[in-house]
Amino acid sequence: MPLDEAARQEITATIESNEVVLFMKGTRGAPECGFSATVVGILDSILTDYHTVDVLSAPHIRDGVKEFSAWPTIPQLYVKGEFIGGCDIIQEMVGTGEFYETFGLDPVQIVQPRIKISEPAAIALAQAAAEHGGSGRELHLSIDATFQSHLSIAPRKPADVESISDSGVLVLLDSISASRADGITIDVADTPDGQAFKVDNPNAPRVQSMSVADLKAAIDGGEALELLDVRTPEERAIAAIPSAILLNEGEAARIESLPRDVKLVLHCHHGGRSMQAAEQFVSLGFTQVFNVVGGIDAWSQEIDPEVPRY
């Protein structure tokens, strides 16, 4: 069937307006086929933001993109307007390192991470999960680009990296997750639905502390940073650090569009609210996030007494 012109224009506009587009079955958070889930897992491991199109909810796109790309299956990945391929090709590119080059990244070095599962409850839960999964299914750990950890029971894949925990439990990881997993601890936590795995990863980015003296030095030195004030407009009207930007809804959207290695420095009145906001930015994948210890009150006392205290 010839590609409908309206569908062609819609597909073209989507590809041109997004640097990375995945045409898939389901959504990023809920893929509805194994091939789509595999590609989402690969993309999540290296990217914090990309666009997806659920072809199941748009039949004209499902049929149209196959004709548009001259490719018979879903999912389909486009990067910077270029068709990359489907699931099998993407997996091959990951294996050769070519996939990382597509995004300007260095290939991931294959490492065998050290994983600790020493608590009896965690060991028992891991073993029970593997047994419940059935023959040929094993415990997998994936760690995405924001260092969120996901444990699942799934069949072994050829490129999986093995990690034998200190307790002898086998954990399988993809190569990207393995590079982020060395030294992690897998434990259990009680939830309303029963016991669940809890992963502590020492490699995950964390909020760092910054003194007001260091902040002053960074500002005076012209260091590239985003200084964000998370207080209310009423508080800011009383006292403000001149170069700080009030973090409102519009500014939050702007910050979220920035590269994840931008330096973010947050302050509030005493440091509590800014710590909470800083942790949110870390969860979005930002790797250089600082909380100003003591907030603007410390700035008034130690740096600029002309800034009123309240």
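Things to note:
- Set of lysines near Lys25 by C-alpha distance (under 28 Å), chain-local residues within fewer than 8 positions excluded: Lys66, Lys80, Lys157
- Computed label-point distance, nm, for sites Ser57 and Ala217 using a 7 Å Cα→Cβ extension: 5.0 nm
- Taking a point 7 Å from the Cα of Gln280 along the Cα-to-Cβ direction, the residues of the stretch 230-262 with backbone N closer than 15 Å to it are 230-233, 246-257.
- The stretch 133-218: trypsin sites (Lys or Arg not before Pro) falling in loop per DSSP and having at most 16 other Cβ within 10 Å: Arg156, Arg206
- Across the stretch 208-302, C-alpha contacts under 8 Å between residues 6 or more apart give a mean separation that, scaled by the residue count, equals a relative contact order of 38 percent.
- Efficiency of FRET from Cβ geometry, Ala30 and Ala252, R₀ 35 Å, rounded to 0.05: 0.85
- Contact order relative to length of the chain, as percent, for alpha carbon pairs under 8 angstrom and 6 or more apart: 13 percent
- Going by neighbour counts of Cβ atoms within 10 Å, the residues His51, His267 line up, fewest first, as His51, His267.
- The stretch 154-219, relative contact order [Cα under 8 Å, separation at least 6], %: 20 percent
- Label assignment, Rg/Rh (Cα atoms, Kirkwood Rh) derived from the structure, set (1) 0.97; (2) 1.00; (3) 1.05: (3)
- GNM flexibility winner over the chain from Ala126, Ala278, Ala244 (Cα, springs under 10 Å): Ala244
- Axis angle, to the nearest 10 degrees, between helix 87-96 and the longest C-alpha principal axis of the chain: 70 degrees.
- Rounded to the nearest 20 debye, the dipole size of the stretch 8-48 about its Cα centre is 120 debye, using +1 on the Cβ of Lys and Arg and -1 on the Cβ of Asp and Glu.
- With R₀ set to 35 Å, the beta-carbon distance separating Thr14 from Glu306 gives a calculated FRET efficiency near 0.10.
- By the count of neighbouring beta-carbon atoms within 10 Å, fewest first, Ser257, Ser118, Ser36 end up ordered Ser257, Ser118, Ser36.
FYI, it's all coordinate maths here, none of it is from the lab. A quick note: this is a predicted structure, and the numbers were derived from the prediction, not measured. Ideal geometry is used to build each Cβ from the backbone, glycine not excepted, and the neighbour counts take in all protein chains shown.
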